[in-house]
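Readers should treat all values here as calculations from the given coordinates under stated rules, not as data from a laboratory. Since the structure is predicted, the reported quantities are computational estimates derived from the model, not experimental observations. Neighbour counts are summed over all protein chains in view; Cβ atoms, including those assigned to glycine, are modelled from backbone coordinates with ideal geometry.
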Amino acid sequence: MGITLFKTEKQKKQILISLFVLIIALAGLLAIVNQFILKADTVNQNYFTQDQIGVYGLMNKKQADELGVEWTRHPLKWEDYETNKVLFDQYFEQTKGMKMKVILTVRSVHSLKTNCPSWAPKRELSCPPKDIKEYKAFIREIVQKYKSVVAAWQFENEPFSGASHFWAEAKLGQIDSLIELTKTASEIVREEDPGKIILSPSLAFGGKITFDDQLNPDFSNTSALITRAWKEAIDPNFRRFTKENCGYFDAVDVHLYHTVDSIKNRVKWVNNALSASNCNGKELWTTETAGPQLDNISQADNTFYQEQADEIPLRFKALYDAGIKRAIYFHYRDNIKEGGDVIFATLGLKDVNNTNKPAFLAFKNYVAGLSTVTTTAILPPSTPSIPPTHPVTTITTRSVTTTTTRPIITTTTTKPVTTTTTRPVTTTTIVPATTTQAPTVLTAPNVGNHKSYYYLPANTNFTLSTTIDFKAGWNMLSFGYIPTREALPTLSPYSGIFTSIPLNFRVAYKYISALNNYQDILSENSILPFGNAVWVYSQTNRTAKATDNVSKIQSLNTIQADAIEIPLNSNPYPWTMVGNPYIKDIPFDDSHIFIKLSNGQMTKISDALNSGIVAKSWAFDSTTNNYQELVPNTSILLIHQGFWIKTNQTGAKLLISPVVVNPS
């Protein structure tokens with residue numbers, strides 16, 4: 001017996017039409033959903049955040065806002081500064097308060113004050129200064145004037161090739177003076193602007209050099225001159241510089257032009273070279289990246305400009321995947337005056353007439369699709385009564401893997417109390433001398449050149465710490481002095497503390513004011529300066545003993561009468577992680593704790609608090625997993641105890657004295 005689906009032919013047609021309309025509607029809905037998914041994928045996959053990218057050569061906030069970025073980079077040549085101070089002052093003055101973050105690349109270019117070889121064009125080349133005192137005065141002046149605007153300092157640009165127009169010494173390809181010059185400049189920044197990022201001089205690969213998966217260089221698309229420069233200068237000079245100067249910079253700058261496909265192995269080569277130089281764990285930045293790279297200006301046409309636009313999202317994705325932490329696109333506007341340089345003349349987002357190229361809209365749209373929140377945002381609060389949060393776990397979801405950057409900690413936010421932290425006291429052993437009962441005195445060494453700018457008293461002495469107590473969870477600690485990497489058999493100067501802690505929990509976070517975020521000093525393989533503190537995580541209550549190599553940690557002795565001076569951060573991110581660097585508890589009172597202002601005047605901690613020079617200070621109690629206020633003339637700074645302090649006074653320092661001081 002058959003089944004009749006339609007009673008009439010008319011009904012059949014009506015139903016079929018309805019089905020057809022329904023199918024069309026579903027197709028439209030599916031297209032909309034697909035677009036949403038694609039856009040969500042663009043935002044949420046493994047990409048930079050808006051705060052991680054910028055554009056070279058932005059002159060004002062309007063340009064930055066139009067593109068949706070805050071970061072930019074500018075060069076500053078010594079002679080240009082001396083002849084145009086007013087113009088430089090005006091630029092940096094207008095940038096104040098605009099939330100623009102400037103990477104300032106300072107170059108020793110001066111026709112009268114440098115020793116350039118006779119063959120060198122003196123107004124183009126950076127050269128060793130004739131008088132190092134004049135150079136120091138120049139660096140100190142610009143750091144003092146512009147530190148409120150500069151987010152990262154850099155000294156010299158692409159100096160390693162020997163054949164370029166960026167650096168020259170007496171002998172072609174020599175960098176002896178470069179090494180000493182950048183050390184000098186870095187020491188001044190550490191003293192005048194502590195907490196700011198210092199970039200290495202930028203590395204340029206030269207032309208179109210690429211690398212295979214075994215990191216062998218391919219010179220098939222490069223000239224004989226560039227091939228020779230790589231073999232005889234760029235490669236060996238970069239390795240030597242990073243080995244000898246590793247302690248003088250915080251991140252490595254790599255210029256990444258050429259093809260998108262070349263980025264991955266170029267970055268791998270850099271990491272491999274850093275590892276060979278025992279300079280592991282540095283962040284990699286690129287302050288110049290763009291493409292495609294033409295051989296001459298005449299090749300730039302509409303087809304090229306569209307290719308430039310199309311590759312922008314692909315280039316930044318490749319940079320992110322390769323591990324670059326910050327990327328600056330080169331550059332804002334084409335400039336045909338820079339010696340006919342094809343990169344200057346063709347790779348701007350605007351043309352020479354200030355007209356937007358296709359790349360301008362492509363870059364703007366790319367930035368608009370990025371998240372505005374960083375994946376590791378740990379931000380000090382704007383309210384003065386609450387200190388910055390301690391580190392928490394942030395999981396970055398990637399297209400393939402999930403990476404946990406910190407151990408998972410569950411916290412309960414409660415109102416801070418004003419009682420004193422009662423963390424277990426550290427046991428300290430003073431090594432006796434052979435003939436007297438006095439402790440063995442260790443001369444204050446040059447610790448990654450931190451000694452010179454952390455103002456250690458001339459008669460500072462050190463003693464060995466043999467045990468450090470940890471509570472389960474986060475501990476905010478100050479370790480005093482730890483020797484340089486070369487003095488230890490392991491890669492990290494802190495590794496002994498973490499012997500019994502699983503590898504994925506071995507972190508020690510210090511706060512970087514320039515980034516308004518934390519960095520792991522273990523992965524950086526860097527030194528913690530005197531008087532600063534770090535977050536250390538322990539899964540259990542434990543005591544690090546001498547068998548953990550903690551005997552290599554030295555704390556400040558207390559027989560000297562001078563106070564250690566600790567530079568403090570100021571606006572826009574005025575919190576500083578500091579701590580007790582001595583081998584005994586220190587009263588948090590008006591006889592031991594002082595604030596020294598930039599004019600040299602000192603004030604007691606209670607007076608500084610009452611007058612608004614500093615806000616309330618906060619220590620962290622690992623037992624309660626909460627902050628506790630340090631109350632002047634009531635609280636005690638325990639051995640190795642860290643705490644937060646906040647000031648808006650530029651150039652202020654915290655003074656901690658191990659003995660009673662009664663200032664007049």
#### Entry: Label point distance in nm, Ala224-Asn356, each placed 7 Å from Cα along Cα→Cβ
4.8 nm
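With a/c under 1.5 counting as rounded, go ahead and sort region 250-289 into rounded, prolate or oblate using the C-alpha gyration tensor (a ≥ b ≥ c being the square roots of the eigenvalues; past the cut-off, prolate if a/b is larger than b/c, else oblate).
Oblate, since a/c reaches 1.5 and b/c is not below a/b.
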### Query
Points 7 angstrom from Cα along the Cβ direction at Phe304 and Ala276: gap in nanometres?
3.4 nm
### Task
Let me know the shape class of region 97-188, please: from the alpha-carbon gyration tensor, a ≥ b ≥ c as square roots of the eigenvalues, rounded when a/c is under 1.5, otherwise prolate if a/b is greater than b/c, or oblate.
prolate
### Query
How do Ile324, Ile263 rank when sorted from fewest to most other Cβ atoms within 10 Å of their own Cβ?
Ile324, Ile263
### Query
Stokes-Einstein at 4 °C, 1.567 mPa s, Kirkwood radius from Cα pairs: D for region 204-306 in µm² s⁻¹?
87 µm²/s
### Query
Between region 629-664 and region 84-139, how many Å separate their Cα centres?
37 Å
### Task
Take every Cα-Cα pair in region 50-368 and report what % of them are more than 31 Å apart.
27 percent
### Query
In percent, what relative contact order does region 50-368 have, based on Cα pairs under 8 Å that are 6 or more apart in sequence?
16 percent
#### Entry: Extended-chain gain in nm, criterion 0.36 nm per residue less alpha-carbon gap, Asn365 and Lys62
107.4 nm
### Task
Round to a whole angstrom and tell me the spacing of the C-alpha centers of region 164-219 and region 260-309.
16 Å
### Task
Take the cross-link list Lys99/Lys133; Lys243/Lys471; Lys113/Lys243; Lys99/Lys357 and give me the ones stretching past 32 Å between alpha-carbons.
Lys99/Lys133; Lys243/Lys471
### Summary
As a percent rounded to 5, the proportion of antiparallel DSSP bridges among beta bridges in region 50-368 is 10 percent
### Message
Just want to confirm a number: the relative contact order over region 57-186, from Cα pairs under 8 angstrom separated by 6+ residues, in percent.
### Response
23 percent
### Query
If you rank Tyr511, Tyr329 by fewest surrounding Cβ atoms within 10 Å, what's the result?
Tyr511, Tyr329
